[in-house]
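Laboratory data are not the source of any read-out in this text; all were calculated from the coordinates shown. Note that the structure is a prediction, hence the values are computed from the model and not measured. Because the Cβ atoms are built from the backbone with ideal geometry, glycine has one as well, and the counts that use them run over all protein chains shown.
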Amino acid sequence: MHTAIPAQERPLSAQVLTFAVVGVVNTATYYGLYLLFLIRLPYLAAHILAFALSMTGSFFLNARFTYRTRPTWRKFLLFPLTNATNFLVSTAGVYVIVDILHAGNRFAPLIASAAAIPVTFVVSRTIMLRRSL
């Protein structure tokens, strides 16, 4: 029988890799749900519902697989801060890439999103592994 290693004892690189995989799964889930809801709902309603459901899934996947911690209501309510962090960092990154570095806008969101992963990971890890939460 295999016992899970607590997150604090797993290598940080394993946590980052798992976090990235959960992010890919979350993005695919969001997009699939968005397309499904778009059949019956206006695009904005489809987006909001798909986003909320995929973020909920992301919370539980990260709790179970990335951080191996017990999900709590407090952590669940704080978890959207990871999305806010991702939005702020990636938006700032797009601005820097396009307006300051003049590198073009075609791939700027992808580069900025990739750069946001470490910051988002730190915020997520803080929320999920904090003892008092």
> For Leu38 and Ile111, FRET efficiency with R0 = 25 Å and r from the beta-carbon atoms, rounded to 0.05?
Replying inline: 0.35
> Taking a temperature of 25 °C and a viscosity of 0.890 mPa s, what whole-number D in µm²/s does Stokes-Einstein yield for the stretch 78-133 with Rh from Kirkwood over alpha carbon pairs?
Replying inline: 207
> Under the Kirkwood approximation applied to all pairs of distinct alpha-carbon atoms, what is the hydrodynamic radius of the chain in Å?
Replying inline: 16.0
> When the helices in the chain are scored as -39500 (n - 2.57) per DSSP H run of 4 or longer and the sum is shared across all residues, what 222 nm value do you end up with, to the nearest 500 deg cm²/dmol?
Replying inline: -23000 deg cm²/dmol
